[in-house]
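The values are calculated or read from the model by the stated rules, or taken from the named source; none is laboratory data. Given the structure is predicted, the values throughout are model-derived calculations rather than measurements. All Cβ positions, glycine included, derive from the backbone under ideal geometry; neighbour counts span all protein chains shown.
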Amino acid sequence: MNPASVALAGWVCLGLELGLKDALALGPSRIAPSFVFCLVTFLAMFAPRSKSVWTAVALGLAMDLTFRIPLRDGAAGAAVYFGPHALAYTLAVQLVLALRGVVIKRNPLTLGFLAMLGMVVAQVTLVAIYSIRLWIGDPIALAPSAELLARLGSAVYTGVIGAMLALVLIPMAPFFGLPAQSQRRFGTRT
């Protein structure tokens, strides 16, 4: 895997995530896709196991630095926690790594499906972490059930965007230093 191209793609996806999140949100519901997680899923489908896990940790930490949680009325500002996205993305990548051997990697719907499943795991993990922080007394403004519902909607939306991004990402696999997908169906010529 080529670290420079992965870093460039991560930077572009993070910019798309931050720049288009409000524009692509479905009304006031905060349901929006995650471009960064689509990249994480793509790399988990094709990259070696250890490199895909460490990439998920790095991109999760980048998301942690840019994700702000509003505080309750008594406290001013927003909170930034270092680690929840990294842990959530790592758990989601473990699911994708477990499933990548039984899916058709060249199919764009596969990336969408795995992105949706992985995002469900990541979002449930994030809501659980923030619920624990709320339970121990952090002054964050979070309603766990409403937050989980919005995040599960975002997981479905991420799956749809992932299927569309697969049309661009799968042909770019050699750019990332990943093995190109062969077009042979029944084996090699002798």
Subject >> Residues satisfying the stated conditions in region 106-123, i.e. aliphatic (A, V, I, L, M) and farther than 14 Å from PHE46 by Cβ >> reply: LEU109, MET116, LEU117, MET119, VAL120, VAL121, ALA122
**OP:** Output the residues belonging to region 98-127 that are at pLDDT 95 or above, farther than 18 Å from SER29 by Cβ and not β-branched (Val, Ile, Thr).
**Re:** ALA98, LEU99, LEU109, LEU111, GLY112, PHE113, LEU114, ALA115, LEU117, GLY118, ALA122
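Quick grid of which residues meet (1) surrounded by 12 or more Cβ atoms within 10 Å (Cβ to Cβ); (2) within 30 Å of ALA78 (Cα to Cα); (3) at pLDDT below 95:
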site: SER145; (1), (2), (3): no, yes, yes
site: ARG151; (1), (2), (3): yes, yes, yes
site: TYR157; (1), (2), (3): yes, yes, no
site: ALA163; (1), (2), (3): yes, no, no
site: ALA173; (1), (2), (3): yes, no, yes
site: GLN183; (1), (2), (3): no, no, yes
site: PHE186; (1), (2), (3): no, no, yes
site: THR190; (1), (2), (3): no, no, yes
Original post:
Restricting attention to region 52-90, which residues are in contact with a Gly (Cβ under 9 Å, 6 or more places away or on another chain) and of a type in the set (Val, Ile, Thr)?
Top reply: THR55, THR90
Original post:
Restricting region 10-40 to residues that are modelled with pLDDT of 95 or more and of a type in the set (Val, Ile, Thr), which is nearest to GLY153 (Cα to Cα)?
Top reply: VAL36
Original post:
Of the conditions (1) exposed (fewer than 14 other Cβ atoms within 10 Å of the Cβ); (2) in a helix (DSSP H, G or I), VAL120 fails just one. Which one is it?
Top reply: (1)
Subject >> Pairs with Cβ under 9 Å, 6+ apart, first in region 150-162 and among the aromatic types (Phe, Trp, Tyr), second crowded, with 17+ Cβ neighbours inside 10 Å >> reply: TYR157/ILE31; TYR157/ALA32; TYR157/PRO33; TYR157/SER34; TYR157/MET116; TYR157/MET119
